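A.B. asks: Sharing a structure here in structure tokens format.
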Amino acid sequence: MSSTELPSVSPANVLPRVAPVRVADGEQLRSMGLPGISLTVRSRPPAREGLPPALYVHGLGGSSQNWSALMALLDGTVDGEAVDLPGFGDSPPPDDGDYSVTGHARAVIRYLDASQRGPVHLFGNSLGGAVSTRVAALRPDLVRTLTLVSPALPELRVQRSAVPTVLLSVPGVAPLFTRLTREWTAEQRVRGVMALCYGDPGRVTPEGFRHAVEEMERRLQLPYFWDAMARSARGIVNAYTLGGQHGLWRQAERVLAPTLLIYGGRDQLVGFRMAHRAARAFRDSRLLTLPDAGHVAMMEYSDTVATAFRELLAETGELDDRAAKDAEALGARVRDDGRSATARAGSGAAGTESDDGTSGVGTGG
């Protein structure tokens, strides 16, 4: 079954009712109908008018909730929105069942064109990093800067811990896995996800863990949950095999926007060794390496990621005076702790900072 076949799930308008998606204090949710898709968008009112727009794109199995901590830290720097990709979070499946990287990129482009928010500061994690890379390469007019956290770019030697995600893309594996894990509780599933995605799962607060379990319980009631997971995983694998102008590494070389790359030393899904290759591929790149971070640094070390992004804006002249003062104050605090550093591509700086309590569930890829 290809990723472009029609989905074998109920239409969105007859899907069963499930618990509402969690909305953190200060956040808003809205739905936007577009040709072939309906997207749910999470946002925070900006601290003041006139801030530049930003868009956050989550990874496989994740949702816009994965960006809540970073969005809150940057609400005085950018006017941020986070999208639920089709079939994830609170967005229903796409009408055509296309969960390929190109299909997800098309959804992001459609949203940016329809909302007329571009050019934006574009953020992507994992699958969202691959999607954002494709968007930046195909539509440079929509992207001011690009920030990629553990982007899912092709690797010749996939890490052993990432093999289950690859296997999920094989037709028939998702239904088999569903049957084999029927007795697993939502709490067991969340612990497994966090062990895979976090450098130190102990950083998650009890409240953050409870919210993640509630979200997992909600998702497991969705009849298209495993279909969306399997087809999106297949979309990543297919994107890894593409060559020529459609290859993700070739498209990375075409990105014109200033790019911040963030890699975790304990990432079990995207090889840490890929950091320097990525820094060479993106023509205007900066590299931040976090030795203790896993696959979702924006959730584990959101203060550090926020500081690095503000430094990117300051370097490229995109940071206004008021935001620059806020950035300087935060940067001084982080440097005093001696746990943060950014670097030009290739120098491999390291840093850690933050005591975030995270919410939302994200898997790999």
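What follows draws every value from the coordinates through simple rules; no lab data is involved. Everything quoted here is computed from the prediction, not taken from an experiment. All Cβ positions, even for glycine, are placed from backbone atoms using ideal geometry, and neighbour counts span all protein chains on display.
A.B. asks: Using alpha-carbon positions, what is the distance between the centroids of the stretch 67-84 and the stretch 90-122, in Å?
C.D. replies: 18 Å
A.B. asks: Classify the stretch 81-157: rounded, prolate or oblate, from the alpha-carbon gyration tensor (a ≥ b ≥ c, eigenvalue square roots; a/c under 1.5 rounded; otherwise prolate if a/b is larger than b/c)?
C.D. replies: Taking the square roots of the gyration eigenvalues as a ≥ b ≥ c, the stretch 81-157 is oblate.
A.B. asks: Considering only DSSP states other than H, G, I, E and B, which trypsin sites (Lys or Arg not before Pro) in the stretch 45-122 qualify as loop sites with at most 13 other Cβ atoms within 10 Å?
C.D. replies: Of the trypsin sites (Lys or Arg not before Pro), the ones in loops of the stretch 45-122 whose Cβ has at most 13 other Cβ atoms within 10 Å are 48.
A.B. asks: If you find the alpha carbon centre of the stretch 240-294 and of the stretch 210-225, how far apart are they in angstrom?
C.D. replies: One Cα centre to the other: 30 Å.
A.B. asks: Out of the stretch 203-261, which GluC sites (Glu not before Pro) are coil in DSSP terms and have no more than 12 other C-beta atoms within 10 Å?
C.D. replies: none
A.B. asks: Among the GluC sites (Glu not before Pro) in the stretch 16-84, which ones are in a DSSP loop with at most 12 other Cβ atoms within 10 Å of the Cβ? Mind listing them?
C.D. replies: Answer in residue order: 49.
A.B. asks: If you don't mind, another one. Can you give the local net charge around residue 32? Use residues other than it whose beta-carbon is closer than 11 angstrom to its beta-carbon, Lys and Arg +1, Asp and Glu -1.
C.D. replies: With Lys, Arg at +1 and Asp, Glu at -1, the neighbours total 0.
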